[in-house]
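Presented below is the structure to which this report refers.
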Amino acid sequence: MNETAHSPEALDRLARRRAGVKLGFYIHALVYILVNVLLAFLSGMSGRHWAVFPALGWGLGLMIHGLVVFLAMPGGGLFQQLMARERASLERQYARDPW
């Protein structure tokens, strides 16, 4: 593999991208919660429980998003914390020299 792929700049770029993907999931989950709380409130006010349908459909999409993010890249935290963890993980991974 190319030595520049293990450079601090390359690791930083990869860590930034991975942290951004995880932060995107957290934002998606927050919007899901806020919107579905509002929909549940409106549904309750109308006397009918229709809000369960958008919650289930969107929840399936959120679950798939989470599986893609966390099965490919485990970890968590806010953007800077994520970036620091990903960078440290990548540095440990590439610091191992089998030869």
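Cβ separations smaller than 9 Å between residues 6+ apart or across chains give the following pairs from segment 54-65 residues that are closer than 12 Å to Leu39 by Cβ and part of a helix (DSSP H, G or I) to residues that are at pLDDT 95 or above and small (Gly, Ala, Ser): Ala55/Ala40.
Take the residues of segment 21-54 that are under 16 Å from Gln81 (Cβ atoms), surrounded by 14 or more Cβ atoms within 10 Å (Cβ to Cβ) and not charged (D, E, K, R): which is nearest to the chain's Cα centre (by Cα)?
Going residue by residue through segment 21-54, those that are under 16 Å from Gln81 (Cβ atoms) are 21-27.
Retained after the next criterion (residues that are surrounded by 14 or more Cβ atoms within 10 Å (Cβ to Cβ)): 21-23, 25-26.
Now narrow it down to the ones that are not charged (D, E, K, R): 21, 23, 25-26.
Values: Val21: 5, Leu23: 5, Phe25: 3, Tyr26: 5 Å.
Out of the qualifying residues, it is Phe25.
In segment 55-76, of all residues being surrounded by fewer than 11 Cβ atoms within 10 Å (Cβ to Cβ) and small (Gly, Ala, Ser), the one that is modelled with the lowest pLDDT corresponds to Ala72.
Condition check: among the polar types (S, T, N, Q), modelled with pLDDT of 80 or more and either assigned to a loop (DSSP other than H, G, I, E, B) or touching a Gly at 6+ places or on another chain (Cβ under 8 Å) (or both). Does Ser43 satisfy that?
Working: among the polar types (S, T, N, Q): yes; modelled with pLDDT of 80 or more: yes; either assigned to a loop (DSSP other than H, G, I, E, B) or touching a Gly at 6+ places or on another chain (Cβ under 8 Å) (or both): no.
So Ser43 fails the test.
The values are calculated or read from the model by the stated rules, or taken from the named source; none is laboratory data. As the structure is a prediction and not an experimental result, all values here were calculated from the model. Because the Cβ atoms are built from the backbone with ideal geometry, glycine has one as well, and the counts that use them run over all protein chains shown.
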